[in-house]
Every structure is written in structure tokens, then in C-alpha cells.
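Working notes, structure below.
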Amino acid sequence: MINKILVASTNPGKLAEIRAMLDLAVELVGLKDFPNIGEIEEDGQTFAENARKKATGYAKATGLWTIADDSGLLIDVLRGEPGVKSARFAGITGDRKLVDKRNIEKVLRLLKDVPKEKRTARFVCCLCLASSDKILAETQGTIEGVIIDAPMGENGFGYDPIFFVTKLNKTVAQLASDEKNLISHRGNAIRKLKPLLKQLLKQF
């Protein structure tokens, strides 16, 4: 019987989102529960490759079924950047709030003279569930929006304060967590994963 699944992230916001949305009778733990495990390098060319690499790598290292995601922001006028480099776009690591701030500043600098109608973008999330010997399931979710010229909102993380969802007339950072989960790229990917995971758990 599977009673514990690893979410391959040290990001508490991401872990909380996945816990809330999967809502299964299985304990979800994060990478902070395994401080001695080395970090798996995300050097894939796509979100799906990185998610696969993390899920299979951490599953082998821990013996636990592992859910890994790779997600990020694709801005059309920047030819898909920041893309797979979304988390490290500004080239710094360390304090997450500072990293987010610098990443946002770099995006806004690159879009300084770009008119609103050309600031179309999307968040993409690829999820992979793996055991120590195989990939069990993969899903993908997206959300469309535009990049505004100054941050708005205090919720969320990453690029949420500058990603404006036109149909809601709000940035993702202006949404409550339950509102965000209903429309977000990760929420869409998790909703697709949940029935697959439920089915798999019945088999073990």
C-alpha cells in the first residue's frame, strides 16, 4: 500500500498548492524532509524533460513515488523566454523573494517598450509521477495571460504579480489561493493527474 508520496520541491507554496488540490488519503512530503539527498540538475530542453528527470531521480533516491513538476513563463515577444530558465532567469539563487523580485525586474526591463497587445504570455506546468523503476503518469496544464508593466498583488510567488488574467481582470497574485487553484497552470495539470493517481493507488 502506498501511504507516502514525495513532492519533488523545496517550495512551500508549491507543496501547499499540490496538497490542497490532490486531497488524497496519502501523506505528501517535500524535499526538505530529505536533507541529505543531492539536488537533481534541471538541464532538460523542455518542461516535460525536467519533470521526468526529477520524478525518476528522486523516486530512485528515496524509494517513494514522486511527483515532480517543471513549470514556467513563456512570453511570446521574447520567443518563449524565460521558459525552462524561469526560476533562474536573473541568474541569481538564494532567498526566494529576492530571486522572484530580480526575475520580475528582468522581464519588465526586457518588455519596457513593448505595447500591451504584444505582451501575451502563458504559464505552462508539466507534471510527472514516477516510481523508482518507471514513469506512472504525465500531465500538462496552461493558462493564458498578458504581462503588465508593474507588479500587482501580494499572493502567490514567482511571476504571479505581473501575470494578468484578462478574463478575471486580475493578476494571479491578486487571487486567493483557492481562486488561483481553479485556473492556474499547475491547478489544471493537477486536476488531470488526480484521477490517474487515484486509479494507480487502487492497484497498490
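Here, each number is a calculation from the coordinates, and none is a lab measurement. Small disclaimer: the values here were computed from a predicted structure and weren't measured. Counting neighbours? That spans all protein chains shown, and the Cβs are built from the backbone with ideal geometry, glycine included.
Of the residues that sit in the range 1-48 and are β-branched (Val, Ile, Thr) and under 19 Å from SER131 (Cα atoms), which one is nearest to the chain's Cα centre (by Cα)?
Result: ILE18.
If LEU201 meets every condition in (1) over 17 Å from LEU74 (Cα atoms); (2) part of a strand (DSSP E or B); (3) out of contact with any Cys (no Cβ under 7 Å at 6 or more places or on another chain) apart from one, which number is that one?
Here LEU201 meets the rest and fails (2).
Look at LYS54 and say whether it is touching a residue at least 40 places away in the same chain (Cβ under 8 Å) and among the basic types (Lys, Arg). Spell out the reasoning first.
Details: touching a residue at least 40 places away in the same chain (Cβ under 8 Å): yes; among the basic types (Lys, Arg): yes.
Judged against the criteria, LYS54 is a match.
Looking at (1) surrounded by 14 or more Cβ atoms within 10 Å (Cβ to Cβ); (2) touching a residue at least 40 places away in the same chain (Cβ under 8 Å); (3) of a type outside the set (A, V, I, L, M, F, W, C), which one does LYS198 not meet, given that it meets all the others?
Every listed condition holds for LYS198 apart from (1).
Identify, please: which residue in the range 70-92 is in a helix (DSSP H, G or I) and of a type in the set (Gly, Ala, Ser) and is, among those, farthest from the chain's Cα centre (by Cα)?
GLY83
Have a look at LYS4, LYS54 and point out the one that is more than 30 Å from VAL114 (Cα to Cα), loosely packed, with under 15 Cβ neighbours inside 10 Å, touching a strand residue (DSSP E or B) at 6+ places or on another chain (Cβ under 6 Å) and of a type in the set (D, E, K, R).
Step by step, each of LYS4, LYS54 is checked, and only LYS4 is more than 30 Å from VAL114 (Cα to Cα), loosely packed, with under 15 Cβ neighbours inside 10 Å, touching a strand residue (DSSP E or B) at 6+ places or on another chain (Cβ under 6 Å) and of a type in the set (D, E, K, R).
All but one of (1) free of Cβ contacts under 8 Å to residues at least 60 places away in the same chain; (2) under 22 Å from GLN199 (Cα atoms); (3) loosely packed, with under 15 Cβ neighbours inside 10 Å hold for LEU28, so report the exception by its number.
If we test LEU28 against (1) free of Cβ contacts under 8 Å to residues at least 60 places away in the same chain; (2) under 22 Å from GLN199 (Cα atoms); (3) loosely packed, with under 15 Cβ neighbours inside 10 Å, just (3) comes out false.
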